[in-house]
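The values are calculated or read from the model by the stated rules, or taken from the named source; none is laboratory data. Remember, it's a predicted structure, so these values are computed and weren't measured experimentally. All Cβ positions, glycine included, derive from the backbone under ideal geometry; neighbour counts span all protein chains shown. Just the protein is used for accessible areas: all its heavy atoms, side chains included, with ligands, DNA and RNA removed. Shrake-Rupley method; radii C 1.70, N 1.55, O 1.52, S 1.80 Å.
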Amino acid sequence: MRIADVLRSKGSDVATVGPDTRVTELLRHLAERNVGAMVVLGPDGVQGIVSERDVVRRLHEHGAGLLDRPVSSIMTKVVATCTPDDSVDSLSVVMTERRIRHIPVLVDGELRGIVSIGDVVKVRMNELEHSQEQLEAYIAGNR
């Protein structure tokens, strides 16, 4: 299965913030959209990604003063990305090896979607259910 298939079923909406957005605003957006990460977009495209995990770790290091800082001060700047043509299998390997949960989907540098670990798990579950149905049908047909 390809990333394009995942985006077709889940949609291509991506929660984004600007690099100057304050961490307090980021937290509000995360809660309102019920998402775990937001892509940081600047004038030249994707500048980073910031997750709940980034906020928690930096709060531990810097205390409550972090809430008034810009997102650019806590975002992950080296962002793993994929394309719609990439396979879900390859994406799951990247997520596992790099211990990341969200990967933006780019086409010619333009943000076209985002895939989360939850999306990957959903695909895997659907594949397993389909395999089980095929096996059950095969077994029932050979009796």
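Solvent exposure of segment 56-143 amounts to 68 Å² per residue of accessible area, where only protein heavy atoms count and the probe is 1.4 Å. Charge tally around S12: other residues with Cβ under 13 Å, Lys/Arg +1 each, Asp/Glu -1 each, net -1.
Each Lys or Arg adds one and each Asp or Glu takes one away; over the other residues whose Cβ falls under 14 Å from the Cβ of D44, this sums to -1. Considering only V55, V123, V78, the Gaussian network model of the chain with Cα springs below 10 Å gives its largest mean-square fluctuation to V78.
Calculated from the alpha-carbon coordinates, the chain shows an Rg and a Dmax of 18.3, 69 Å respectively.
Among A15, A64, A37, the largest mean-square fluctuation in a Gaussian network model of the chain (Cα springs under 10 Å) belongs to A64.
Taking every DSSP helix (H) stretch of at least 4 residues in the chain, weighting each as -39,500 (n - 2.57) and dividing the sum by the residue count yields a mean residue ellipticity at 222 nm of -14500 deg cm²/dmol.
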